[in-house]
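No lab work stands behind these numbers, since they all come straight from the coordinates. A quick note: this is a predicted structure, and the numbers were derived from the prediction, not measured. Glycine also receives a Cβ, built like all others from the backbone with ideal geometry; neighbour counts cover every protein chain displayed.
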Amino acid sequence: MFSLRIRTQQIYNMRLIICIIIMLSMSSANIYAQFLLTEDFSEYADGSSVQNATEPANPDAGEWVTVNESSGSTDFIVVNEQLSYPGYIYSAKGKTLLFSPVATDVGNAVLCLSRMHLPYPCQPEGGFIDGSNEFYTAFMLNIGETNTSDSQEIFSYYQLSSGVRRGSLFYKLSSDKNSVAFSFQKKLESPSSSWTKYYNKTQTFLFVIKYSHVCLNEKNLGHSEFQLFINPDADKTEEENSSSMINAYGNETGYDTDLRYINFRQSGKTTMKTAGIRVANSFEKVLLGPDNMSGIVHIPKSEPNFYVDGKTLFPINNLNGNLRIYDVSSCLLRAYETHDGKPIKTDLEPGVYILLYQENGDEFIQKILIR
């Protein structure tokens, strides 16, 4: 019974590995986990500035980088408070980032979360891979202390080098300043005059902003679209939350650019708090987790072990180990023992397959395409 239990666990572990592989977005040489970025500000000291990039022009030099686009100065301070939203995995977790209005001048500062950026759309050499063309950014926001009479931008996806941004979220207050409405547009060059209904300003909002990029081919950028979910039900699917979704104004027009960063914008007059920032490849994961990894996980690159000619696999080296072939649903299809680099004839139908090769305790993973 004990040996059977061990064998069952081994089978489970192997299937789990393959499931993870399938969930990974892959290129021919590198394998990447589904993108997951999180920020709850728990690692910052109370009252500290979140802008910690040592080289503001180089986002890889720090976790957050500030770009001031006009006169005035703006600071972003971590405070020991927690924002809450029912059902959200980051509700009442960590600390909160406070944006305060500029005292003497109107600023326009962009705060980019640069610790991990989104893969470059449609460009394999920039890390883009199949399955990573949809990004969901979730965050909680409270603007209960804001009193400006001006419309203000608070979030977008951003191209650091050029200042281009897409999927911009704006707010405005009612005449009595007790309520708030939102506007969501794809391009700043095509402003929207459409606003949502008014909400109670004092509540903590949960926003999920979806960025979808449709590639023309692997060497061209393409068409991107944006959707905004306001206060979705975290226990329901994306489709079930359709009543809370707004399409960005201007979604239907224009090819687009490299939007690697998410950013929060202080346009000079906003008092707001944000917390629980998450980016993932699915609606469910961004709201519910899992919460056991952060950033892009890279499996170390290895040389391909096999090349394909027709339906035959040819080992590149004199391999003497075990080869398993899985389909994209993680089902084991074939198992072989390799000897002295001899070719392996398969009768696989055209499609994409995962090779798991094991030798002397080492494992190598490879994606193949049989035409």
(Q) Check which residues have an amide H placed less than 5 Å from Ser224's amide H, if you skip close sequence neighbours. (A) Val214, Asp256
Q: First select every other residue whose beta carbon is under 10 angstrom from the beta carbon of Asn142; then total the charges, Lys and Arg +1, Asp and Glu -1.
A: 0
Q. Which net charge results for the neighbourhood of Tyr199, defined as the other residues with beta-carbon distances under 15 angstrom from its beta-carbon, given Lys and Arg at +1 and Asp and Glu at -1?
A. +3
Q) With Cβ to Cβ distances under 9 Å as the rule, what net charge do the other residues near Leu356 carry (K, R +1; D, E -1)? A) 0
Q | Theoretical gain in end-to-end length, Glu337 to Lys311 [0.36 nm per residue, Cα-Cα removed] | A | 7.7 nm
Q: Please give the peptides 84-90, 239-245 ranked by average Cβ packing (other Cβ atoms within 10 Å per residue), highest first, as a rough proxy for protection.
A: 84-90, 239-245
